[in-house]
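Each reported figure results from applying straightforward, stated rules to the coordinates on display, with no laboratory input. The shown structure was predicted, so the numbers you read here are calculated from the model rather than taken from an experiment. Positions of Cβ are backbone-derived with ideal geometry, glycine not excepted, and every protein chain shown enters the neighbour counts.
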Amino acid sequence: MSRVAVIDIGKTNAKVAVVDTASMAEVGVLTRPNTVRPGPPYPHFDVAGIRTFLLDALARLHAEHPVGAVSVTTHGASAVLLDGDGGLACPMLDYEHTGPDALAAVYDALRPDFALTGSPRLAMGLNLGAQLHWLLETQAGLASRLAQVVTYPQFWSGQLCGVYGCEYTSLGCHTDLWLPREGRFSALVDGLGLSGRMAPLARAADRAGVILPEIARRTGLDPATPVHSGLHDSNASLLPHLLTQEAPFSVVSTGTWVISMAVGGEARPLDPARDTLMNVNAHGGATPSARFMGGREYERLRGETAPPDAADIARVLRERLFLLPSVETASGPFPGRAGGWSDPAMTAGEKSAALSFYLGLMTAECLSLIGARGRTVVEGPFGGNRLFLDMLAAATGRAVACSASATGTSAGAALLADPQGAVPPPRDHPRGDEAAQAAHAAYATDWRQHARA
């Protein structure tokens, strides 16, 4: 195996990448926005549009970089409901729709305790169980139409090979439907009337099948091309490190969500009120995790910023110019708290530095909540932000490294098809001199005092 086509559906963008597993480099990439249609009947993902894009992209990329296998990774908190003919029983709900909040009291009486599921109670449809409950209660005839609930990566692998499933990493992503320590469905499945209608269980690396004849004709792929089941995107970022690193360590997957995962860390109780959860990794193991919408927060504020110079950075550190939590208040370690700039008169350069420091400090807070130990490896776009990395190292007091892969999600998904792929070691982030480290650490201490006040 040398080239794997990875379908990578994030909350913001959909992508197809060809990963050369001899170097774990992306040799070809095509993307499109992951648009949400406003309705009716409710905000939903453009599944038909994504499908057309994926098939076009597979055809184009395969012509340029012939591939030997296909794998899948997607965002979490999502499933597709299929009818008896394999079509959509209803449009795929956007998990940021507030509709499920209207039935929160009824749902809360059904959902299992956090101690069993490791799944915190989240707003909107961020608990997949809440989505399913709302859809079944509000969409006329859905209960009779519904034949299978399919976790999102397995929907796309199923679209290619005709075999659908439910997979552990997606079930373990704050769904309320799974018991991570026991490896089985929770009582909520029966409570929602879904027993017998959850698609068969699959592991991420399972070969779901080979591409359907019509997919082969449409894309030019060999009809014998294997399709691997796929996994949740944060766990895709974790997988290369599970295969190559000694515990303890932690991985921070950055994108729309910044998700911190601890392997071999200090055992400590998770706090559901602060958006900690128990994920399930690609090997089926329970993995303490914490998260916030760092990428979304960055996008919301970057229009107020400009690249900082050394003087901007020095003033932010010296004068304690902060961005305080939270920008996105519905999740993260400080939920419900509306923060902002400590001094609205900050310059654009100062705001840029304070924003990067904020993201590093929020990440450090998440790592502390899950008992992380050892080196922290940063995956994704924040790995290119020096100020973020500087503050993360100072705030945790531990070494920080950056993944050598530009996008750990695609590399991790490719390893499902070729677990012998040549994973490059992370690059250590250089620490500043002692004075710089002390200045960052003091800033972090004061930020925490303000954030927790």
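Order these by the 10 Å Cβ neighbour count, fewest first: ARG448, ARG3, ARG217.
Fewest-to-most Cβ neighbours within 10 Å comes out as ARG217, ARG448, ARG3.
In whole Hz, with x marking every Gly and Pro, tabulate ³J(HN,Hα) for the range 168-183 from phi via Karplus 6.51 cos²θ - 1.76 cosθ + 1.60, θ = phi - 60°.
4, 5, 6, 5, x, 9, 6, 8, 6, 9, 9, 10, x, 6, 9, x
Sequence-distant or interchain residues sharing an amide H contact under 5 Å with ALA208, placed H: which?
VAL227, HIS228, SER229
Using 0.36 nm per residue of separation minus the Cα-Cα distance, give me the extension gain between ASN13 and GLU299 in nm, one decimal.
Result for the pair: 101.6 nm of gain on full extension.
Given a Förster distance of 35 angstrom, what is the FRET efficiency for ARG37 paired with ARG427, based on the Cβ-Cβ distance and rounded to 0.05?
Once the sixth-power term is evaluated, E becomes 0.30.
Say R0 is 25 Å: what FRET efficiency, to the nearest 0.05, do THR329 and GLU266 get from their beta-carbon distance?
It comes to 0.30.
Can you give me the long-range amide H partners of MET198? Hydrogens built in the peptide plane at 1.01 Å from N, cutoff under 5 Å, separation of 5 or more residues or another chain.
For MET198, whose amide H was placed from the backbone, the distant partners under 5 Å are VAL149.
Of all alpha-carbon pairs in the range 3-229, indicate the percentage at a distance above 23 angstrom.
Tail fraction, whole percent: 47.
With θ taken as phi - 60° and the coefficients 6.51, -1.76 and 1.60, list the Karplus ³J(HN,Hα) couplings across the range 211-218 in order, rounded to whole Hz; mark glycine and proline as x.
5, 5, x, 5, 6, 4, 5, 6
May I ask you to evaluate 6.51 cos²θ - 1.76 cosθ + 1.60, the Karplus curve with θ = phi - 60°, for each residue of the range 130-140 and list the ³J(HN,Hα) values in order in whole Hz, giving x for glycine and proline?
Rounded to whole hertz, the list is 5, 4, 4, 4, 5, 5, 5, 7, 10, 9, 4.
Ranking ASP233, ASP275, ASP190 by Cβ neighbours within 10 Å, fewest first, what do you get?
Arranged by neighbour count, lowest to highest, ASP233, ASP275, ASP190 become ASP190, ASP275, ASP233.
List the residues, sorted by chain then number, that are 5 or more residues from TYR42 or on another chain and whose placed amide H is less than 5 Å from its amide H.
It is none; the list stays empty.
Contact order normalised by length for the chain, with contacts defined as Cα pairs under 8 Å and 6 or more residues apart; what percent is it?
Relative CO of the chain lands at 16 percent.
Okay, helix-only estimate at 222 nm for the chain: each DSSP H run of n ≥ 4 adds -39500 (n - 2.57), divide by all residues, round to 500 deg cm²/dmol; what do you get?
Theoretical 222 nm ellipticity from helices: -10500 deg cm²/dmol.
Could you calculate the contour length gain from ARG337 to ALA143, that is, 0.36 nm times the residue separation minus the distance between their Cα atoms, to one decimal place in nm?
Computed gain between ARG337 and ALA143 is 66.1 nm.
Could you tell me the calculated FRET efficiency between ALA442 and ALA311, based on Cβ-Cβ distance and R0 = 22 angstrom, to the nearest 0.05?
E between ALA442 and ALA311, to the nearest 0.05, is 0.75.
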